Each structure stands twice: as structure tokens, then as C-alpha cells.
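J.: Attaching a single structure in C-alpha cells format; questions to follow.
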């Protein structure tokens, strides 16, 4: 088993050492010892960090990722949870695509006034509905 100190893991993974220490604190990765003051990891930590990166890219929280990686001998990925996340992403893609299309239309709209354009009106309506779903921040409530 090849051992890597925290500096090498940081360079190879592209993550700062502080993130690696945080991931270790959260139980996402585990060091196998120390070389002087530096943490030492098994080379397999790089694959685990890739799984964590994939989960983060997909929008999973670190806690959810930790649950998926808790199993001994490999990840225990909940396929139903992956399907739900994929559905959420599909919804987000549809919503953002509609907004993008509306903005492109508004940029090219031949109407003299955007407020008289039905497509622009639909874009404003969609934006209003989205704002209604968002919880107001403390500053917005004040």
C-alpha cells in the first residue's frame, strides 16, 4: 500500500490541506498515521476524494455523502436517492432552460416595449413564482 502525506494528497486532489483535515474531521476520509507532523493517507484516499467530488458536483451535502461512504469495503450508494437527485436536477434544468430561453427572446424581441411582449410577460410571471417559493432573508423581512 502506497502512502501519501497530506501535501501530496492536496496536490493530486487539488484540495487544500484544510479541506482534507475537515473531511477527516467529518469522517469522510481517514489518515493512517503521521510522518512527523504531517498526516499520512493510503493511496486509496484519492479514489474516495473523487467520489466525494462527484457527490458534491451532483449537489449532495457532505452528510449525505458520508452516509453513502460509511460502508466498510466500499460505498453504499442509495440508488433511490440518486434517482431523486436526478429528478431534482431535471426540474432545475427545465426551469433554468425556460429562463434562458426567455432572456434570449427578450434580448432579440422586436417589441418596442418588453412589457407588451407576451413572452416577456411569461418570463416575469415565472420569476414571480420563483420568488414566492424562496424564503425571505432577514434583510428582506426587515
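J.: For the chain, what is the calculated [θ] at 222 nm in deg cm²/dmol (nearest 500), taking -39500 (n - 2.57) for each run of four or more DSSP H residues and dividing by its residue count?
T.: -19500 deg cm²/dmol
J.: Rg (Å, one decimal) plus Dmax (Å, integer) for the alpha carbons of region 11-69?
T.: Cα radius of gyration and Dmax of region 11-69 are 11.4, 37 Å respectively.
J.: How big is the convex hull of the Cα atoms of region 57-105, per residue, in Å³?
T.: Looking at region 57-105, the number lands at 71 Å³ per residue.
J.: Still on this model: Can you give the relative contact order of region 3-69 as a percent, counting alpha carbon pairs under 8 Å and 6+ residues apart?
T.: 32
J.: While we're looking at this one, here's another question. Hey, what did region 33-130 get for relative contact order, percent, Cα under 8 Å, at least 6 apart?
T.: This gives 12 percent for region 33-130.
J.: Dividing the convex hull volume of the Cα atoms of the chain by its residue count, what figure in Å³ per residue is obtained?
T.: Expressed per residue, the convex hull around the Cα atoms of the chain is 181 Å³.
Since every read-out is calculated from the coordinates, none of them should be taken as a lab result. Since this is a predicted model, take the numbers as computed values, not measurements.
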